[in-house]
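The values are calculated or read from the model by the stated rules, or taken from the named source; none is laboratory data. These numbers come from a predicted model, not from an experiment. Note that each Cβ is placed from the backbone with ideal geometry, even for glycine, and that neighbours are counted across all protein chains shown. Note: areas computed on protein heavy atoms with side chains; ligands, DNA, RNA excluded. Shrake-Rupley method; radii C 1.70, N 1.55, O 1.52, S 1.80 Å.
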Amino acid sequence: MDILSKKRYTITSALPYANGPLHIGHLAGAYIPADIFVRFLRLQGKDVVYVCGSDEHGAAITIKAKKEGVTPKEIIDQYNKQIKDSFEEFGISFDIYHRTSEKIHHELSQDFFLNLYNKGEFIERFSAQYFDEEFQQFLADRYITGTCPHCQNEGAYGDQCEKCGTSLSPTDLINPKSTLSGKTPILKETKHWYLPLDKYQAWLEQWLIEGKKDVLKSNVFGQCQSWLKSGLQPRSMTRDLDWGVDVPLKEAEGKKLYVWLDAPIGYISATKQWALDHGKNWEDYWKTKENKEEESTLIHFIGKDNIVFHCIIFPAILHAHGDYILPENVPANEFLNLEGEKLSTSRNHAVWLHEYLQEFPDKQDELRYVLTSILPETSDSEFTWKDFQARVNNELVAILGNFVNRVMVLSHKYFDGEVSLGTKLTPEDNAVFEELAKYPALIQQSIAQYRFREAMTHFMNAARLGNKYLADEEPWKVVKTDEERVKTVLFVASQIVANLAIMAQPFLPKTADKLFDMLNLTPQPWEHAGQASLLSSGHRLNEAALLFEKVTDEQVELQLQKLVEAKANNAKKVVPAAPAKANISFDD
Ligand code: MET
C-alpha cells in the first residue's frame with residue numbers, strides 16, 4: 001500500500017546532541033526531508049505527530065562541559081535553547097521539541113529497562129574497565145587517551161585513533177591515561193546488562209531483510225544487510241557514566257542507561273509530553289492495535305551514521321518489549337560535504353544554522369531550497385556557496401520570483417489587481433491547465449518514495465510552465481491591441497500562481513505564506529492543487545511583495561572568507577579530535 005495512504009503517522013527526526021550548534025549537514029540529513037514529508041501529510045489532513053528533542057546525555061556532553069569548565073546542565077541548557085530556537089526560526093515544524101533530561105523521559109527509559117529486565121531479556125556480563133582512582137569513577141572510552149598500537153600516535157582515544165582511523169578498545173591503548181586526573185587508570189571489574197542482539201538475528205532477518213527489501217532505500221538496506229551478515233553481538237545497555245538516566249536497580253548504583261536505551265526512547269517520551277499538552281492519547285502513536293488500520297505508521301528520518309541504531313537496535317528493543325509498533329521505514333540520508341571537504345564541527349568547517357539565520361535574515365526558504373536541491377539522498381553530496389548563489393539567483397529569483405512578480409505587477413498595472421476572465425480560453429490556455437494538473441501527482445509520487453529532490457524539481461517545473469506561458473503570450477505586447485485577451489492571460493497566470501502557492505507549502509513554507517497573502521487567498525489543502533479555478537472571476541489580488549533577492553558576489557566572498565579563516569585558526573592550534581564513533585554522531 002502507498003505509504004501516503006495511511007491514517008496516522010508518527011514521524012521522528014534524530015535527536016541532536018545538546019553539545020553544539022546545528023549545521024547544514026544536520027538539516028540535509030534528518031530535518032528538511034522529514035519536514036517536507038510531514039507538511040505534505042498535514043496538507044492531506046492526516047493525523048500526524050512529528051517529534052524531536054535534544055539528546056542530553058552521554059560522554060560527548062560531559063567532555064564538553066569539562067573542557068569549558070561548566071556543568072553538564074549548563075551545556076545542555078545552552079545548546080537546547082540554541083538548537084530549539086534555530087529550528088523554530090528556520091521553520092522545522094515539530095509538534096514538540098523535547099529534552100531527554102526531563103523527568104518523564106527518565107521514567108519511561110527506566111520502565112523500558114525494567115520491562116526487559118523482568119522478562120529476562122538481558123544477559124549480565126562482567127568486564128574489566130578502566131577506573132580513575134583519584135576521581136573514583138569508571139572512565140568512558142573518550143576519557144582515556146594513550147598511544148595507538150597501530151600508528152604510535154600518542155593522543156589516541158579509548159574508542160578510536162583519530163590519526164590512523166582505527167577503532168580501538170580502551171585496553172588496546174599503550175600507556176593509557178585518564179583525561180580526568182592525568183593518571184594511569186586501573187582495571188576494575190564492573191557489571192553490565194547486555195541485550196543479546198544475536199538472539200534477535202533470525203527475527204531481524206525476517207522482519208527487515210525479507211520484509212523490507214522493497215521498502216528501504218538501497219543505501220539503508222545495504223548497511224542493514226552487511227550488519228546482519230557479519231552476525232549481531234550482544235550490546236551493552238548500561239554504562240559507567242556520570243551523567244544520564246540511572247539504571248533502576250539497587251545493585252547498579254552509579255550506572256546509567258547507555259544511549260541505546262535512552263535516546264530513542266526520547267521519541268516516545270516526547271510524544272507522551274505532547275499528548276499530555278494537547279489532550280491526546282500517546283499510545284495511539286506508538287502502540288500496536290487489534291485493528292491494523294488504526295495503528296500509526298512510524299518513520300524515522302536520520303543521517304546514515306544512525307542506520308544501525310534505528311533499523312536494528314531500537315527495533316530489537318521495541319520487539320523485546322512488545323506492544324509497540326515498529327518503524328515502517330528509515331529513509332536515511334548520506335552525508336553533505338562543504339566546499340570539497342567533510343563538514344567538521346571540531347575544525348569549524350561548517351555553515352552554522354544560527355549564523356546563517358543572522359547573516360541572511362528572512363532567507364530561510366533560500367537555504368531550504370538549495371539544500372533540498374542537493375539532498376544526499378542516494379550518495380554524499382556537496383554544498384558550495386557559488387552553487388548556493390547560482391541556485392538562488394538563476395532558479396528562485398529568475399524563475400519562480402520572476403514569474404510571480406510579472407503576474408502581480410501586470411495585473412495591478414492593467415486591471416487594478418482584479419482577476420477576471422476576458423475572452424474565452426484558447427486551446428493554448430487549456431493545454432497549460434492540463435499540463436499544470438499533472439504536477440500534484442508527480443510531486444506526490446516522488447514524496448511517497450522519499451525523493452524530495454525530484455519532488456521539488458517537479459514544483460519548479462510548474463513555475464517554469466508559468467514563465468513559458470507568459471513568454472509565449474506576451475501580454476505586455478498584446479495589451480496594446482486586445483485588452484480582453486490580456487485579462488484572460490493574467491487570469492490563467494494567476495491560477496498558476498495559486499497552484500504554486502499550494503504546491504510550495506511542503507518545500508518553501510514561508511514563500512507559500514507570502515504567495516497566499518499576495519493572492520488574497522486562504523491557504524489551501526493539497527487536494528485543491530491542479531484546479532483551474534482557485535481564484536474566481538472578479539477576485540482581487542493584494543499588493544505584490546518581494547519573494548526573493550539575488551545573492552551578491554560580496555555575500556559569497558564573505559562566507560568563503562569565513563571558511564578560510566577557520567582553516568587558518570585550525571593551523572594555529574592543535575584541534576582536539578571529537579568523537580567519531582560511526583553510531584552516535586552525525587559527523588566528527
Ligand atoms: N544524538 C544522536 C546523534 O546525534 C542521535 C540519537 S537519535 C535517537 O547521532
ask   = Using alpha carbons only, how many degrees (0 to 90, rounded to 10) separate the axis of helix 364-373 from the longest principal axis of the chain?
value = 80
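Hey, can you find the accessible area per residue of the stretch 399-540 for me, probe 1.4 Å, expressed in square angstrom?
Values: 5830 Å² over 142 residues.
I get 41 Å² per residue for this part.
Pairs LYS73/LYS562; LYS66/LYS562; LYS163/LYS567: which exceed 20 Å Cα-Cα?
Working: LYS73/LYS562 31 Å; LYS66/LYS562 28 Å; LYS163/LYS567 18 Å.
Distance filter (> 20 Å) returns LYS73/LYS562; LYS66/LYS562.
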request  = For helix 483-504, report the angle its Cα long axis makes with the longest principal axis of the Cα atoms of the chain; keep it between 0 and 90° and round to the nearest 10°.
outcome  = 10
³J(HN,Hα) computed for each position of the stretch 182-187 - Karplus, 6.51 cos²θ - 1.76 cosθ + 1.60, integer Hz, glycine/proline x = x, 8, 6, x, 9, 8
message = I'd like the distance between the alpha-carbon centres of the stretch 416-448 and the stretch 82-144, rounded to an integer number of Å.
response = 52
request  = May I ask you to list the aspartates and glutamates whose Cα is less than 12 Å away from that of LYS572, ignoring any residue fewer than eight positions away on the same chain?
outcome  = none
message = Let me confirm the definition first: pairs of Lys residues in the stretch 262-398, 8 or more apart or on different chains, C-alpha distance under 22 Å. How many are there?
response = 9
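Can you pull out the GluC sites (Glu not before Pro) in the stretch 78-137 that DSSP calls coil and that have at most 14 other Cβ atoms within 10 Å? Present the calculation step by step, with values, prior to reporting the outcome.
Values: sites: GLU88, GLU89, GLU102, GLU107, GLU121, GLU124, GLU133, GLU134; in loops: GLU102, GLU121, GLU133, GLU134.
The qualifying sites are GLU133, GLU134.
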message = Can you tell me which lysines have their Cα less than 28 Å from the Cα of LYS438? Leave out same-chain residues fewer than eight positions away.
response = LYS6, LYS7, LYS46, LYS217, LYS424, LYS468, LYS487, LYS510, LYS514
task = State log₁₀ I(q)/I(0) for the stretch 56-200 at q = 0.16, 0.18 Å⁻¹ as given by the Debye formula over alpha-carbon point scatterers of equal weight, solvent excluded.
result = -1.10, -1.16
message = Given an 8 Å cut-off on Cα distances and at least 6 residues of separation, report the relative contact order of the stretch 36-168 as a percent.
response = 17
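Convex hull over the alpha-carbon atoms of the stretch 267-313: what's its volume per residue in Å³? If you can, show how the numbers build up before the last one.
On the way: hull volume 4.6 nm³, N = 47.
With only Cα atoms used, the stretch 267-313 gives 97 Å³ per residue.
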request  = List every residue whose amide H lies under 5 Å from the amide H of SER54, counting only residues 5 or more places away in sequence or on a different chain, with H placed 1.01 Å from N in the peptide plane.
outcome  = HIS98, ARG99, THR100
request  = Take the solvent-accessible surface of the protein heavy atoms, probe 1.4 Å, and return the percent of it on the chain that carbon and sulfur atoms account for.
outcome  = 48
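Before rounding to the nearest 500, sum -39500 (n - 2.57) across all DSSP H runs of length at least 4 in the chain and divide by the residue total; then give [θ] at 222 nm in deg cm²/dmol. List each step's numbers first, then the result.
Details: 19 runs with 232 residues, N = 588.
When only DSSP H runs of four or more count, the value is -12500 deg cm²/dmol.
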message = How much length would be gained if the chain were fully extended between SER230 and ASP85, taking 0.36 nm per residue of separation minus their Cα-Cα distance, in nm to one decimal?
response = 48.0 nm
remark   = To the nearest 10 degrees, the tilt of helix 59-68 (Cα long axis) against the first principal axis of the alpha carbons of the chain is 90
query = In the stretch 399-540, how does Rg compare with the Kirkwood Rh, expressed as the Rg/Rh ratio over alpha carbon atoms?
reply = 0.96
task = Work out the charge dipole of the chain with +1 on the Cβ of Lys and Arg and -1 on the Cβ of Asp and Glu about the Cα centre, then indicate which of PHE126, PHE459, GLN561 is farthest towards its positive end.
result = PHE126
task = Would you compute, for the Cα atoms of the chain, the largest minus smallest coordinate along each principal axis and list the three values in descending order, in whole Å?
result = 93, 62, 41
ask   = Under a 5 Å amide H to amide H cut-off, with H placed in plane at 1.01 Å, what residues pair with GLY422 once short-range neighbours are removed?
value = THR488
query = Quick one: Karplus J couplings for the stretch 273-278, per residue in order, coefficients 6.51, -1.76, 1.60, θ = phi - 60°, nearest Hz, x for Gly and Pro?
reply = 5, 4, 5, 4, 6, 10
remark   = Here the stretch 80-93 yields Karplus 3J(HN,Hα) values (6.51, -1.76, 1.60; θ = phi - 60°; whole Hz; Gly and Pro given as x) of 4, 5, 4, 5, 4, 5, 5, 4, 5, 5, 6, x, 7, 9
message = At 10 °C and a viscosity of 1.306 mPa s, what translational diffusion coefficient does Stokes-Einstein give for the stretch 123-193, taking Rh as the Kirkwood radius over Cα pairs? Give it in µm²/s as a whole number.
response = 131
request  = For GLN160, list long-range residues whose amide hydrogen, built 1.01 Å from N in the peptide plane, is under 5 Å from its own amide hydrogen.
outcome  = LEU168
